[in-house]
Every structure is written in structure tokens, then in C-alpha cells.
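Here's the structure, in C-alpha cells; my notes come after.
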Amino acid sequence: MIEGKKGIFIASACKESDCFVLRRAFSTEKKAKRAVVYATALGLYFVELNGVHVGDARFTPGWTNYRVRLQVQEYDVTKELRLGENEIRQTVGRGWYSGRFGFQGQDSLYGERSAGWVVLEIEYEDGTHFCVATDESWTAEDSYILCSNLYDGEVQDFTRERKTYSVDMVPFDKEKLIPQEDEPVRTHEEFKPVREFYTPKGEHVFDFGQNLAGAVRVQIDGKRGQELILSHAEVLDRDGNFYTANLRSAKAQDKYILAGGEQTLFPEFTFHGYRYVRVEGAEVNAKQLTSVAEYSDLHRTGFLHTSDEKMNRLYENVLWGQRSNFVDIPTDCPQRDERMGWTADANVFSRTAAYNYDVRAFFKKWLADMRTEQGEDGKMPDVVPYVFGERNTAALWADAVTMIPWTMYEMYGDKSFLSENIGAMKKFAAAVDETAKNGLVARGFQYGDWLGLDREVSASDDCRGATDVYFMANVFRAESLRIIADSARILKDKATEREYREKRRKLLSDMRAEYFSPRGRLVNETQTALVLALRFGIAPEKYRAQLAARLNENVIAHGYHMTTGFAGTPYLLFVLSENGCHETAGKLLLNEEYPGWLYEVNLGATTVWERWNSYTVKDGFGDVNMNSFNHYAYGCVCEWIWETVAGIAADPATPGFKHIIMKPIPDKRLGHVTAEYRSASGLIKSAWKYEGDTWIWEFTIPKGVTATVTLPGEVKSKEYGSGTYKVTK
């Protein structure tokens, strides 16, 4: 329940206050049966009742499209309430609402003033009720948090004179208030420094051993007025110095002015992406510092392990990329002046994300904001919530509106992902139609195969690979049409199904006439173009074998390396394995040279990098204007590991793993693979190993579930019911 009719949004009358505290004293003389706080803010907030921090959620109320939706959190505070005098306080910061955010560093994306809203409902044991809600009777005071920004960090001044002010009402339509929709951000793993050292420049630096999103907690016994400054970085430069050039304008710095005596220091309204911390001012040692990971409190569902330690490290890197970037929304990176919900990144990674963690509520919330951010003309923003730029129909980015709901439906069997989004899907498809000429998309902005390595001429301001951008646009257009038709079938909308099947049939005909020669050549035979043509059924069946052979030759010619970017990489290994080239796929994955996943591992990566050349031994750092060492997009490789190496895949005909497709293709170089996935239908296990030349596979199918099982090297499959089985081959 949201007490939306009670309370008003209020702010400190001191408009210069970056962060402020709203407070109200009240008295209660009867024992409470239950006491509940409902709270939210235009900005970020935390609530205290009688000096006790209420709840353990971080960065509340989360980031939504505040123009349309604002989440309210609910807290049971029965134990914190006491007989007699009480005081409730809400500390408010600017956050995403009015703080500096976006490429241009603009302030006030949603509004100029932060504001708080609190309703405390008390039910007494005698059945009577009492309510305390934000109104003009509350007072405001300065916070010890002098200023806070998601990019620049936080300044806490414990010596500050904290003046008291009246409050101003801040208009906000309470009809926009909604309950918390997904799991909140919480603190998780903690790391102590693995190394303390001084750089060649003489800087005092601590290495926590893991790149993550979060902040450092400090235990200190200092002198009043002493300053302690913590700066954050992901990597060191070639000389071993603290490296922050890739943060762009983000300061990523927390500053504390000490009260004197023992204190625990931790920022409230900011987080950083980092592995290393530079300390200035007051002296601290490794025992006093703890790195704390902060991310959405999702339930872990997937567990993978092999006998190859580098592969295990890669899997951990993928997990940490997800943790670091699932901070209330699926961000692109946690460290620089960006941290936005880029749609393509989330699109290519969404299935891997669903193997690793239960992301149903997480994506439900984000997709709800995506729908509110779609233009009336059907065009989509590149980032959700919408922060900058013009809406468009860029392939893979905009197709997130169709592809992510379909992925969630397949993984969880929840039709509401389709019913809630099919209207937006159809509006988007109509917008794409407007970019067509002679049946094919031929105009409009496209990102293309972002960060592909196969451009003949590399321009610093163009990160698109060599794949024809409109070929790619038409491929994803065809896939979105297929998804809309299949969604309509599932939702029993026969007219829509017929309409979109016909649209796709016509598009395929036009594409095959435009892009394929009479003898089966693809006009633009990059790795990505070949992959997309094969993966999405664009290539005529009679040409598939020769196209797959040429893709295989291309990969081998590149020394078993990919040249693919965001569009090709998610599907490259699948296409190789599905077309009889699994040996090539395995060699590509396990290749330890640049470019590749294990190249990053060998260079000490603890997360997945944004670009294949974020750092190379030969050339050093990539372009500082766009170079994150903590992106999850290329972590999509784990989808192939789950479905092809471990052999656990959902059957689209019976989503939610009610029926499983189990077709492992083992690789002896991995020794053994153990995979456990807690699906929507129960725990699925797949574990195989080699003993000499004998392959031994044990697998478990949950109760009430069936599986179609195909053994390595065999064509015929066999149906299995629930149970645990052992096969040797």
C-alpha cells in the first residue's frame, strides 16, 4: 500500500543545500502493533528513526523515468518506535534526479530541486491509528554530507555547523508514485587490500584485487578537522602509476573532514567503479580499509566450473561485470561519467544475465521505463532511462524492445513480458518501416557492428565495424518481426500473427534478392555479416553450408580470432558450433592472444572490458574517450558456454525450462565442466569429464520436466523424464 494521498514533497528552504535533512519530532504514548514508513525522494535518500538507519537498501528510490514513475519503499519500523518522544529524519541528496549526470555533465535532468516525501503509519494494539507525514510543519537542517554526485563522489564534513531552516513545498504529482518493483541495491562482498604500495610518483595506493562497483569503508581514529581523500581507479598505467584518464570528467573521489575520535566513513549517495584507491591526507593502513561491492540484490541461479582456471576466471569476470553494472538498472559501466542504461549492452547480455541471476523483476522494471521513454512515433532511446540524444531505430539498440522481452519469456515462461510489451514492439516496427525504401531499411542512424575490429580505415570518431550497417539493420528488423509474430501467436492474436509473418516473409525475399548473389555469395562477407545471415535464418538454406565454411575459413585466417563487435560477437561461437565448426569455436574461445577473452585474463582482468583493445601490450591503452575496464556486453560468451558446452538450453516451444534441450558439445581441453542452473522449473545439472578418451556425463532433469537429449557426435536424440542420469561415450 502507498499512502499517496498523505504527505507532500518538501525541501530545505536553503536552496544552496546540495544535501539536506528533513526532520519531525512526534510523541506516541501507546504500544504499536505495527509501524510502517513509506518513503521516496526526488533524488536519493535514507531515513532514520530515533537515530537508527531504516532498512539496508542503497540508492533509494532507484532510477526510473521520474517524469512518469517514482518508486516508493516500505519499511517496517515497529522495533525502532518507542513510547514517548520520537524523531524521524530523512536525508536527501541530488542523485540522478537533479545531480550532474550525462555526457554533457548537465544538472537537473528531471528537476532543479531535490525533495523528500515520508509517511509513517502507526497501528496501535487498540486498533487506532496515527500518521506522521511530510508537510510544512517539518524542519530542515544542513547535512554532514556537504555535496554528493554520482560521477564526482561525495564530501562529508563532520565539523560543519548544521543550521536549521524551514521547508518549501516542491510540486510533484503523487499519481506517479508506484511501489518498489524490483530488488533494491544492497551491499554485498567485501574485500581487504591485497597490496599496499607507493607508485613511482610517490602516491599511496591500495589494491583490492577486484574491479567492482561500490565504495570503500574506512575505520579511522583521527583528529578533528583532518582531511582524508580517497580517489578511485580501475587500473595502473605501464609505469605502475594511478590511472584515471579513462574516467573522463568524473572525479571519482570521496573526501572526509573528520570529527575527531573513532569514526566509520562511507559515502551515502555515490558509488565508484574501481580496483585501486589512492589515499591522501590522514594516514591509514590496509587494516582500516574495506572495499564494499554494491549492486542489485538478485538471487544467484547459475554456477559454472571447469578444470581450466583461466576459464573459471573468465566466468568470474563475467559475473563481476554483471554485478558491477546491475546497479538498479543495466548500466554500461560503473566508473566514468556515463553509467547509463544502454539498450544494446543489455540486449546482447540479457540471456547470460538470466543464467547467472534471477533477473525477472530487474528487467520488468527496466522494460516498464523503456515503454514510457518510447517516442509517440515508435522510435526508441539508446539509453533507458532516457538521458540524451535523439530517439531512433538503430538495429540491436532499438530492437531491445522486442528481443529482451522475448528472451525473458523463453527463460522464465512468463507471458506478461510479451503482453506488456507487444504494443511497444508494434509501434517500433512501424517506425522501422518508415526508414525503408523498396522494402529494405536504407536510411536512418545506425551504430552498426559497434567496436568491430575489421574496418579497413579506423577513424577515431567512428567505432563501427566494416559490416554494412543497413544489412545489419534489416537482419534485426527480420528478427523483431519474427518475435512480434510469435508473441502474437502466444497471446492468441491471429490477425497480428498473420500480418507480421507476411511482413517478415516479404522482407526475407527482398533481402535475399539484394544481398545474395545467384551462386550464394553474401555481398558483405565480414565475420559479423556471415554470422548474422546464418544465425537469423537470412541465408537461403541451399547456401548455408558454403557460407558457414567461409566463416570458418575467415576465423582460421585470422589466427582463430574474432573481428566482430557488439552485433557479431554474441552469435559467432553459436554459428560455428551449429554448423559443424565447434573445433574452431573452441580454439577461438581458448585463444590467449589478442583479441580475445583469455588475453584479458592473462593481463590480470577481473571484469570484462568494453573493447578488445582496452589495453594491449603492444599499444597500451585504448581511446581514453571511451575505454572502460568493466563492461558486461562481451560477457555474452557465457550464453554459448551454458547452452553448447554445458548443454543446458530452454526450448522455445515450452519456455521456462518446462522442456530442456540438452546437447552438450564437449571440449577435451576443458577437462571437466560442471554446470548447475536453478531454472524457473527447478534445478538442472550437467557435469561432464574425460577419463582418458572416455567421456562421462551426468545430468539431472527436475521434477515435472522433460528433456530432448542429443549426445556428442550423434544426430538422433532421445527423450528423458525427470531424474539423474549417467552416460559414457
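The values are calculated or read from the model by the stated rules, or taken from the named source; none is laboratory data. Predicted model, so just to flag it, every value in this text is computed and none were measured. In this analysis, Cβ positions are derived from the backbone assuming ideal geometry, glycine residues included, and neighbour counts consider all displayed protein chains. The accessibility values were calculated without ligands, DNA or RNA, using every heavy atom of the protein model including side chains. Shrake-Rupley method; radii C 1.70, N 1.55, O 1.52, S 1.80 Å.
Per the helix-only calculation at 222 nm, which mean residue ellipticity applies to the chain, given -39500 (n - 2.57) for every DSSP H run of n ≥ 4 and division by its residues, nearest 500 deg cm²/dmol?
Estimated from H runs of four or more residues: -7500 deg cm²/dmol.
As an exercise, take the mean of 1/r over every pair of distinct alpha carbons in region 474-521, invert it, and state the Kirkwood radius in angstroms.
By the Kirkwood definition, the hydrodynamic radius is 11.3 Å.
With angles folded into 0 to 90 degrees, how steeply does helix 544-557 sit against the dominant principal axis of the chain? Use alpha carbons for both and round to 10.
Helix 544-557 sits at roughly 70 degrees to that axis.
Output the pairs from K415/K703; K5/K174; K223/K255 with a Cα-Cα distance over 18 Å in this structure; if there are none, say none. Mind showing how you got there, number by number?
Numbers: K415/K703 22 Å; K5/K174 7 Å; K223/K255 15 Å.
K415/K703, as the Cα separations exceed 18 Å there.
Under a plain spin-label model, where a point goes 7 Å from the Cα along Cα-to-Cβ, how far apart in nm are E698 and E280?
A separation of 5.6 nm, rounded to one decimal place.
Apply the Karplus curve 6.51 cos²θ - 1.76 cosθ + 1.60, θ = phi - 60°, to the phi angles in region 209-215 and return the couplings in whole Hz, x for Gly and Pro.
Ordered by residue, 3J(HN,Hα) equals x, 9, 6, 7, 9, x, 7 Hz.
Could you rank the peptides 473-485, 383-395 by their average count of other C-beta atoms within 10 Å per residue, with the highest value first?
So the peptides 473-485, 383-395, ranked by packing, come out 473-485, 383-395.
If I take all pairs of Cα atoms in region 534-573, what percentage of them are more than 16 Å from each other? Intermediate values should be presented prior to the final figure.
Numbers: 302 of 780 pairs.
Above the 16 Å cut-off, region 534-573 has 39 percent of its Cα pairs.
Which order do the peptides 262-275, 299-312 come out in when sorted by mean C-beta neighbours inside 10 angstrom, highest first? Write out the running numbers ahead of the final one.
Values: 262-275: 21.4, 299-312: 16.4.
Descending mean neighbour count gives 262-275, 299-312.
Kindly provide log₁₀ I(q)/I(0) values, in the same order as q = 0.15, 0.21, 0.30 Å⁻¹, from the Debye equation applied to equal alpha-carbon scatterers of region 1-40.
Debye output, listed in q order: -0.59, -0.95, -1.18.
When the expected Rg is taken as 2.2 N^0.38 Å, what fraction or multiple of it is the alpha-carbon Rg of region 623-729?
After normalising by residue count via 2.2 N^0.38 Å, the value is 1.23.
How large is log10 of I(q)/I(0) for region 4-118 at q = 0.09, 0.11, 0.20, 0.21 Å⁻¹ when the intensity is taken from the Debye formula with one equal scatterer per alpha-carbon?
Each listed q maps to, in turn, -0.26, -0.38, -1.08, -1.17.
Assuming 0.36 nm per residue, please report the length gained on full extension of the stretch K251 to Q106 beyond their Cα-Cα distance.
On the way: separation 145, 0.36 × 145 = 52.20 nm, distance 1.51 nm.
Additional length available on full extension: 50.7 nm.
Probe radius 1.4 Å, ligands and nucleic acids ignored: give me the carbon and sulfur share of the accessible area of region 53-102 as a rounded percent.
For region 53-102, the apolar C and S fraction of the accessible surface comes to 48 percent.
For region 10-89, which GluC sites (Glu not before Pro) are in a loop by DSSP, counting at most 13 other Cβ atoms within 10 Å?
E16, E29
At R521 and E85, where each label point lies 7 Å from the Cα along Cα→Cβ, what is the point-to-point distance in nanometres?
8.8 nm
Pairs of alpha-carbon atoms within less than 8 angstrom and 6+ residues apart define the contacts here; what relative contact order does region 132-254 have, in percent? Could you put the intermediate results ahead of the total?
Values: 120 pairs, mean separation 29.5, N = 123.
Relative CO of region 132-254 lands at 24 percent.
Which value results for Rg/Rh of region 264-320 when Rg is the Cα radius of gyration and Rh the Kirkwood radius based on the inverse mean 1/r?
Radius of gyration relative to Kirkwood radius: 1.08.
From the backbone phi of region 259-270, what are the Karplus-calculated ³J(HN,Hα) couplings (6.51 cos²θ - 1.76 cosθ + 1.60, θ = phi - 60°) in whole Hz, Gly and Pro given as x?
Taking θ as phi minus 60°, the curve returns 7, x, x, 6, 9, 10, 10, 6, x, 9, 10, 8 Hz for region 259-270.
What aspartates and glutamates could a cross-link reach from K15, if we take a straight Cα to Cα line under 17 Å and drop same-chain neighbours fewer than 8 places away?
D107, E112, E136, E141, D142, E161, D168
Please enumerate, by chain and number, the lysines with C-alpha under 17 Å from the C-alpha of K587, excluding those fewer than 8 residues away in the same chain.
Partners found: K310, K668.
Determine the relative contact order of the chain: mean sequence separation of Cα pairs under 8 Å and six or more apart, normalised by residue count, in whole percent. Please list the in-between numbers first.
Working: 1715 pairs, mean separation 76.9, N = 729.
Over the chain, the number comes to 11 percent.
Hey, can you rank 525-537, 112-124, 713-725 by average C-beta count inside 10 Å, highest first?
525-537, 112-124, 713-725
How much of the accessible area of region 136-248, in percent, comes from carbon and sulfur atoms when a 1.4 Å probe is used?
Numbers: 2450 of 5180 Å².
Its accessible area is 47 percent carbon and sulfur atoms.
What Kirkwood radius, in Å to one decimal, follows from the Cα pairs of the chain?
Averaging 1/r across every pair of different Cα atoms and inverting gives 27.4 Å.
Write down the accessible area per residue of region 577-729 in Å², having rolled a 1.4 Å probe over the full set of protein chains.
For region 577-729, the per-residue accessible area is 40 Å².
Check the straight Cα-Cα distances from K31 and name the aspartates and glutamates below 17 Å, setting aside those fewer than 8 residues away within the same chain.
D76, E80, E85, E87, E121, E123, E125, D126
Treat every Asp and Glu Cβ in the chain as -1 and every Lys and Arg Cβ as +1, leave all other atoms uncharged, and give the resulting dipole magnitude about the Cα centre to the nearest 20 debye.
Values: 90 positive and 104 negative charges, 421 e Å.
Using only the charged Cβ atoms, the result is roughly 2020 debye.
Over 29 Å between Cα atoms, which of K251/K287; K427/K494; K365/K689; K364/K427; K494/K658 qualify?
K365/K689
Whole-Hz Karplus ³J(HN,Hα) for region 116-130, in order, using 6.51 cos²θ - 1.76 cosθ + 1.60 and θ = phi - 60°, x for Gly and Pro?
x, 8, 9, 10, 10, 10, 10, 10, 7, 5, 8, x, 7, 10, 9
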